[in-house]
Structures are given as structure tokens and as C-alpha cells.
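Notes follow once the structure below has been shown.
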Amino acid sequence: MANILFHIISGPNNVSKSMLGFLLARTAVEEDHNVEVFLSGDGVQLVRDIIIDNLVGLGTGKLKEHMKILKDKGVCLYVSSMSCENRGITNNDLEGKGIKKVLPKTLLDLVLSTDKTLIY
């Protein structure tokens, strides 16, 4: 069992890339790996309800389904507080989703504590 960090920096403007990150995070957790997901840059926009409800990747599934499975499996999604601030993501956007808004140091700590980091 590996500890894997998925750092998703692509947002709804690059559906293929961002959805591949979520698909692989979901796959890893379903195969009993320890998974962490960190959203920064445009990736933080993926926490908006309208995006969650409607984003579907070509051959990579629905964001809503991936996020539900990750949450059900106890995976915490981290979001960059600075990226959220710069993109108008508020605490209301995060409410009830098991998402933690954190500072950049958390990303560094996660990179150093996991076996592999995959960036999408």
C-alpha cells in the first residue's frame, strides 16, 4: 500500500487533465492506497457546486461521483487558501464537503510525507 498525493492544479478550463487526476485518486483509494488530494491554482474552482454537479470528463467520469467516493473513503481534500482567495472561493463554497483550506506549507508537508506525488 502506497501513500500518494494528487496535486490538481488544472481546473474546469482543462477538463481532461483535472478529471484524470480525480479518476486516478479515486482508483488509488479504491485499491486501498492512502490518498491525499490537494487543489491549488485553477484546481480550486473544482469545489464550486455548479462545477461539481456538471463536470464530466471524456472517458474519465463525473466529478460528482469521484468526489463522493473520495469523501466516503475518508480522503480529505485540501485547497490552497491563497488560490481560493484569488479566485473568489469562499468558506460557503467549501461547507459540508470535507474540504480543508490550508496554507502552502501544508502542500510541502504532504509532498514530504507521501511516497509519490502526481500532478494534474
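The values are calculated or read from the model by the stated rules, or taken from the named source; none is laboratory data. Quick caveat, the model's predicted, so the values are computed rather than measured. All Cβ positions, even for glycine, are placed from backbone atoms using ideal geometry, and neighbour counts span all protein chains on display.
Couple of notes before you dig in:
- For region 107-120, filtered to residues that are over 14 Å from the mean Cα position of the chain (by Cα) and either at pLDDT below 95 or among the β-branched types (Val, Ile, Thr) (or both), the residue that is farthest from Gly11 (Cα to Cα) is Thr114.
- Residue check, Gly98 on the phi > 0 side of the Ramachandran plot and under 13 Å from the mean Cα position of the chain (by Cα): yes
- Tabulated pairs, region 14-25, first more than 13 Å from Lys62 (Cβ to Cβ), second part of a helix (DSSP H, G or I) and of a type outside the set (D, E, K, R), C-beta under 7 angstrom, 6+ apart or interchain: Ala25/Leu70
- Filtered residue count, region 1-32, keeping only those that are under 11 Å from the mean Cα position of the chain (by Cα) and of a type in the set (Lys, Arg): 1
- Complete set of residues in region 75-101 that are at pLDDT 95 or above, assigned to a loop (DSSP other than H, G, I, E, B) and closer than 15 Å to Leu5 by Cα: Val75
- All positions within region 102-120 that are in a strand (DSSP E or B) and of a type in the set (S, T, N, Q): Thr117
- Region 77-120, residues that are among the acidic types (Asp, Glu), touching a residue at least 12 places away in the same chain (Cβ under 8 Å) and surrounded by fewer than 17 Cβ atoms within 10 Å (Cβ to Cβ): Asp115
- Of all residues in region 46-70 being of a type outside the set (Lys, Arg) and not in a helix (DSSP H, G or I), the one that is surrounded by the most Cβ atoms within 10 Å (Cβ to Cβ): Leu55
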